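Working notes, beginning with the structure itself.
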Amino acid sequence: MSAQKDRYQNLQYRRSGRSGLLLPAISLGLWQNFGADAPSERRRAIVLRAFDLGITHFDLANNYGPPPGSAEENFGQILATGLAGHRDELVISTKAGYDMWPGPYGEWGSRKYLLASLDQSLKRMRLEYVDIFYSHRFDPDTPLEETMGALDTAVRQGKALYAGISSYSAERTREAAAILRQLGTPVLIHQPSYSMLNRWIEAELLDVLKDEGIGCIVFSPLAQGTLTDRYLTGIPEGSRASHPGSIRPEMLSEANLAKIRALNEIATRRGQSLAQMALAWALRNPVVTSALVGASSVAQLEQNVAALNKLEFSPAELAEIDRYATDGGINLWAKSSAG
Ligand SMILES: NC(=O)c1ccc[n+]([C@@H]2O[C@H](COP(=O)([O-])OP(=O)(O)OC[C@H]3O[C@@H](n4cnc5c(N)ncnc54)[C@H](OP(=O)(O)O)[C@@H]3O)[C@@H](O)[C@H]2O)c1
């Protein structure tokens, strides 16, 4: 593939906390749409278009698929065949924390699990190292010193360049930061869920991240696609909500749909799609380094990146959004950040 020469001209890059690493304001996640169930030509087209648009950061995890591991395998294949020679232009992350293989060493936060999982991820992606290795969720039964120690080891082994944590509470984030600082491997970034229907990070976490100099990459900023025009007039075939999985029916309750419709009207007045306004809104706080989106088509991705053309909000717009941007009961990851 010959990459587009002007690919770094249009996207914004923001510093992750007090680190040296810049991340694109919009990053691409491969949680869904990149497993064995998705057409390979579409997977490839989305990743290569992302790269051409200036998206340098691709986010994975051991369990992304289905089946678990297949997103990493597929991404490794795209890298080898479509992006060979561009490894140093890419920031690739993976994670371990959720159920991955049978037995007591296949999930949570032990050193045994994390380091074995990272080795497996590297093999699947055909990489020598990842840029960021995350603890995917807080493990209440493993000493935090052990989980953070495993991240530090991964960095010292050269298998990861930076360490990250995902869905940790404000308090656990402070503890994790202190442990890793002492080990000499600072926490680069926190990956929490955040959107207009799920604002939990505003209470405390953002202040902690600012204070500690940790970056923040917010996931599901479109609330899995519900903060777009996708469900305004029903559930289209092929959409994420059309098959059983991570969008529960109550997420599309009448109460939530009323909020989504009102937000859609505000977006229209701003001359943006609701998806674009949702992304601009998620990025309005400078502590947020990047909005981590998913996409099931190149067109969705292109529309999302165009959100960067209008990031500013007037105080009146923000106040109006606040009336509808209230908790929609959609945070599937609340348990981890309550630990
Ligand atoms: N750390 C964690 O625990 C964790 C958890 C969840 C996610 N993540 C990360 O965050 C990434 C993003 O999560 P997500 O996929 O839930 O994010 P999202 O951006 O909130 O939702 C993406 C989905 O929204 C729909 N969509 C996207 N752009 C659209 C547009 N312009 N118009 C209409 N619909 C649009 C598509 O759904 P359709 O399929 O219906 O088209 C797409 O698959 C994941 O891939 C993963 O990397 C991390």
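The values are calculated or read from the model by the stated rules, or taken from the named source; none is laboratory data. On a predicted model such as this, the values are computed, not experimentally measured, just so you know. Reconstructed Cβ throughout: ideal geometry from the backbone, glycine too, with neighbour counts over all protein chains shown. Just the protein is used for accessible areas: all its heavy atoms, side chains included, with ligands, DNA and RNA removed. Shrake-Rupley method; radii C 1.70, N 1.55, O 1.52, S 1.80 Å.
When +1 charges are put on Lys and Arg Cβ atoms and -1 charges on Asp and Glu Cβ atoms, the dipole computed for the range 143-205 relative to its Cα centre reaches about 200 debye. Based on the alpha-carbon gyration tensor of the range 163-230 and its eigenvalue square roots a ≥ b ≥ c, which shape applies: rounded if a/c is under 1.5, prolate if not and a/b is larger than b/c, or oblate? Prolate is the answer for the range 163-230, as a/c is 1.5 or above and a/b outweighs b/c.
In terms of accessible area, using a 1.4 Å probe and ignoring ligands and nucleic acids, 107, 250 rank largest first as 250, 107. Applying the criteria of a DSSP loop state and at most 14 other Cβ atoms within 10 Å to the trypsin sites (Lys or Arg not before Pro) of the range 86-167 yields 126. Amide hydrogen proximity for residue 137: with H placed 1.01 Å from N in the peptide plane, the residues at 5 or more positions away or on another chain lying under 5 Å are 166.
Rounded to the nearest 20 debye, what is the charge dipole size of the chain about its Cα centre when +1 sits on each Lys and Arg Cβ and -1 on each Asp and Glu Cβ?
Dipole about the Cα centre, nearest 20: 540 debye.
Here the relative contact order of the range 186-339, from alpha carbon pairs under 8 Å that lie six or more residues apart, stands at 31 percent. The charge dipole of the range 80-141, taken about its Cα centre with unit charges on the Cβ atoms of Lys, Arg (+1), Asp and Glu (-1) only, comes to about 140 debye. Within the assembled protein chains, the solvent-accessible surface assigned to residue 337 is about 20 Å², based on a 1.4 Å probe.
Over the chain, dividing the summed -39,500 (n - 2.57) contributions of all DSSP H runs of at least 4 residues by the number of residues returns a 222 nm mean residue ellipticity of -11500 deg cm²/dmol.
Considering only protein heavy atoms and a probe of 1.4 Å, how much of the accessible area of the range 23-169 is carbon and sulfur, as a whole percent?
Solvent-exposed carbon and sulfur of the range 23-169 make up 51 percent of the total.
Ligands, DNA and RNA left out, the accessible area of the range 189-294 computed with a 1.4 Å probe is 50% carbon and sulfur. Measuring only protein heavy atoms, the 1.4 Å probe finds residue 287 accessible over about 20 Å². Contact order, relative form, for the chain: 19 percent (alpha carbon pairs under 8 Å, 6 or more residues apart, mean separation divided by residue count). Rg ratio for the range 206-263: its Cα radius of gyration over 2.2 N^0.38 Å, N being its residue count, equals 1.45.
Selection among 178, 144, 158 by position relative to the dipole of the range 143-185 gives 158 as farthest towards the positive end (Cβ unit charges, Cα centre). If you take every DSSP beta bridge fully contained in the chain, what fraction is antiparallel? Give it as a percent rounded to 5. The answer is about 15 percent antiparallel. Looking at the range 304-339, the GluC sites (Glu not before Pro) that sit in a DSSP loop and have at most 11 other Cβ atoms within 10 Å of their own Cβ are 312.
Packing around the peptides 225-232, 57-64, taken as the average count of other Cβ atoms within 10 Å per residue, puts them in this order, highest first: 57-64, 225-232. A straight line joining the Cα centroids of the range 61-112 and the range 299-324 runs 31 Å. When all alpha carbon pairs of the range 23-115 are counted in 5 Å bins from zero, the resulting P(r) reads 3, 14, 23, 23, 17, 11, 7, 2, 0 %.
Across the cross-link table entries 95/159; 95/335; 210/259, which are compared at the Cα atoms, the separations over 22 Å belong to 210/259. Compared with the direct C-alpha span, the chain from residue 40 to residue 52 gains 2.5 nm at full extension, assuming 0.36 nm per residue.
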